[in-house]
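As C-alpha cells, the structure follows; a few thoughts come after it.
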Amino acid sequence: MFDIRLFQVVVPLLFVMYILYQLNMIRLHRKEWRDVLIPTFVAFMIMIVAIAPDRIAHYLSLVLDIKNSVNAILVSSIGILFVLMFRLFELIRRQRKHITDLTIEISLLKIKKLDQDS
Amino acid sequence: MIDRKDILIALPAFNEATVIHDVITDIKAHGYTNIMVVDDGSTDNTTDTIKDITKHNLRLCINCGVGAATRAAILATRALGYQYLIFIDADGQHYADDIDVVVNEMDKSKADMVIGSRFIARQKGIPKMRRFYNLIANVITNAGRFTVTDSQSGFRMLNRKAIENIHLEIDDYGVCTEMIWKCNVSKLNISEAPIKVRYTEYSMSKGQNFWKGVKTGISLMKNK
C-alpha cells in the first residue's frame, strides 16, 4: 500500500502551478519558448523526484553506479547546477553585449548631434 | 598623397587624465588636428581634461572595454565621413612622429590597414614579458592568412575600405587579434611600419598581464 506523505502532494502541485504559469507567459507573448524550456524541465524533474523520491534515488544510484542513493542524488544535482550555471553565464554575456551596444549607440547619437549642430 | 584633413586620430582612453593632455598636444604639434578621444567610462576627469583641445569627443557612459571603445571609434568615423582612421594608445607609449611613418606606409603600400610594429626595427627596452605575451598572441593571430610581427600593437591605421568592412564584436583586449582576423575574412591587405615605443611605469601598469591574456584567449575562442 502506498504511504503518501504531505510533500508528495504539495511539491508537485506547486510545480504544476509554476509550469502552467510559464506556459501562460508564452501564451501572452511575454516569454519565448527557449527562455521557458530549461526552468520548466527542471521544475518537471523536481516534481517527478517529489512524487517518488525513494524510487528515483534508487534508479539514479543504479544508473550512475553509486552505491548510496543520497550520493547519487547529490551528484545529479551538481550536474544540473553546472548546466544552470553555464546558462546563467551565457545570459550575463548576452546582457553585457546588449549594454555595450546601447552604450556605444548613445555615445554615437551624441557625437552625431554635436556634429550637426556645429 | 594622403591629406591630413582626411585623417581622424582616435585615442581609446580609460582613466588617462594624468597623461592624455600631453599626448594630444604632442599629436597636434605634428600637424594632426582631427583628434577624437573615446573615453571608455573613465572615473577620473579624462573628458574634462581634453574637451577643449579635441575636435570630437566620444564618451561611453560605462566602462565597456578597449574593444568596445575601438568599435565606437570605427562607427563614429563611418558617420563623420573621414577617409582614414588612426588608433594611438592614450597612455603616452607611442611617439607622435611615428604617425607620419604609418601614413607614408599606407600611401606607399596601398594597404587597407597598417600596423605600427615594435618588432620590425630591433628596439631595445621592450620588457621580456611583453615580448613573451606578443609571441603567444602572434602565434594565435597568425593562424589566419596574414603574418604580422606585432599583432597586439594599438598603433594602427585603417583606410575607408577597412573602416566600412571591419565589424568588431569583442569588447576587451582581444580586439587587436580580432581586427586582423576580420581583415582576413574581408580580404583586406595588411602592412606594417616600424614604430618606437616608450615603456614607463605608468604605461606598464596599463597594458596586458597574464590574467588579461587568459581572458583575451577565452573571448577569442568564443568569437572564433
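The values are calculated or read from the model by the stated rules, or taken from the named source; none is laboratory data. Since we're looking at a predicted model, the values are computed, not measured. Methodologically, a virtual Cβ is constructed for each residue, glycine included, from the backbone with ideal geometry; neighbour enumeration extends over all protein chains shown.
Exactly one condition in (1) surrounded by fewer than 20 Cβ atoms within 10 Å (Cβ to Cβ); (2) under 12 Å from the mean Cα position of the chain (by Cα) is false for B:ASN138; which is it?
B:ASN138 satisfies all of (1) surrounded by fewer than 20 Cβ atoms within 10 Å (Cβ to Cβ); (2) under 12 Å from the mean Cα position of the chain (by Cα) except (2).
List the residue pairs whose Cβ atoms are under 8 Å apart, where the first residue sits in the stretch B:153-182 and is without any contact (Cβ under 8 Å) to a residue 24 or more places away in the chain and on the phi > 0 side of the Ramachandran plot, the second is outside any helix (DSSP H, G or I) and of a type in the set (Lys, Arg), and the two are 6 or more positions apart or on different chains.
Correct list of pairs: empty, since none qualify.
If you check A:ILE26, A:ILE19, A:ILE66, A:ILE56, which single one turns out to be at pLDDT below 90 and of a type in the set (Val, Ile, Thr)?
Of A:ILE26, A:ILE19, A:ILE66, A:ILE56, the one residue that is at pLDDT below 90 and of a type in the set (Val, Ile, Thr) is A:ILE56.
Among the residues of the stretch B:124-162 satisfying the criterion of being at pLDDT 85 or above and polar (S, T, N, Q), which is nearest to B:PHE87 (Cα to Cα)?
Out of the qualifying residues, it is B:SER153.
Might you check whether a residue that is of a type in the set (Asp, Glu), away from every other protein chain (no Cβ under 11 Å) and within 30 Å of B:LEU58 (Cα to Cα) occurs anywhere in the stretch A:109-118? Before the answer, list the steps.
Taking the stretch A:109-118 first, the residues of a type in the set (Asp, Glu) are A:115, A:117.
Filter once more, so that each one left must be away from every other protein chain (no Cβ under 11 Å): A:117.
Narrowing further to those that are within 30 Å of B:LEU58 (Cα to Cα): A:117.
Yes: the stretch A:109-118 contains one or more residues that are of a type in the set (Asp, Glu), away from every other protein chain (no Cβ under 11 Å) and within 30 Å of B:LEU58 (Cα to Cα).
Results for (1) in contact (Cβ under 8 Å) with a residue 24 or more places away in the chain; (2) within 14 Å of chain B (Cβ to nearest Cβ); (3) surrounded by 13 or more Cβ atoms within 10 Å (Cβ to Cβ); (4) not hydroxyl-bearing (Ser, Thr, Tyr), shown as yes or no for each residue.
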{"site": "A:VAL16", "(1), (2), (3), (4)": "yes, no, yes, yes"}
{"site": "A:LEU28", "(1), (2), (3), (4)": "no, no, no, yes"}
{"site": "A:ILE38", "(1), (2), (3), (4)": "yes, no, yes, yes"}
{"site": "A:VAL42", "(1), (2), (3), (4)": "yes, no, yes, yes"}
{"site": "A:LYS67", "(1), (2), (3), (4)": "no, no, no, yes"}
{"site": "A:VAL70", "(1), (2), (3), (4)": "no, no, no, yes"}
{"site": "A:GLU90", "(1), (2), (3), (4)": "no, yes, no, yes"}
{"site": "A:SER107", "(1), (2), (3), (4)": "no, yes, yes, no"}
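Which fully enclosed helices (runs of 4 or more DSSP H) of the stretch A:1-117 have 1 or more residues being in contact with a Leu (Cβ under 6 Å, 6 or more places away or on another chain) and under 30 Å from B:TYR82 (Cβ atoms)?
On the way: elements: A:7-27, A:33-51, A:53-63, A:69-117.
Fully inside the stretch A:1-117 and qualifying: A:69-117.
To keep it simple, each residue is scored yes or no on (1) at pLDDT 95 or above; (2) on the phi > 0 side of the Ramachandran plot; (3) surrounded by fewer than 16 Cβ atoms within 10 Å (Cβ to Cβ).
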| residue | (1), (2), (3) |
| --- | --- |
| B:LEU85 | yes, no, no |
| B:ILE88 | yes, no, no |
| B:GLN93 | no, no, no |
| B:ASP100 | yes, no, yes |
| B:VAL103 | yes, no, no |
| B:MET113 | yes, no, no |
| B:PHE119 | no, no, no |
| B:ARG122 | no, no, yes |
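Report, by residue number, each residue of the stretch A:92-105 that is surrounded by 11 or more Cβ atoms within 10 Å (Cβ to Cβ) and either within 26 Å of A:PRO39 (Cβ to Cβ) or β-branched (Val, Ile, Thr) (or both).
Correct list: A:ARG93, A:ARG96, A:LYS97, A:ILE99, A:THR100, A:THR103, A:ILE104.
Tell me, which helices (runs of 4 or more DSSP H) wholly within the stretch B:91-186 include 3 or more residues that are more than 22 Å from B:ARG78 (Cβ to Cβ) and either in contact with a Gly (Cβ under 8 Å, 6 or more places away or on another chain) or not hydrophobic (A, V, I, L, M, F, W, C) (or both)?
Output list reads B:98-109, B:128-141.
For a quick check of your reading of the model, give me the residue pairs whose first member lies in the stretch B:57-69 and is more than 8 Å from every other protein chain (Cβ to nearest Cβ), whose second is among the small types (Gly, Ala, Ser) and buried (at least 24 other Cβ atoms within 10 Å of the Cβ), with beta-carbon atoms closer than 7 Å and at least 6 apart or on different chains.
Short answer, once both residue conditions are applied: B:GLY67/B:GLY174.
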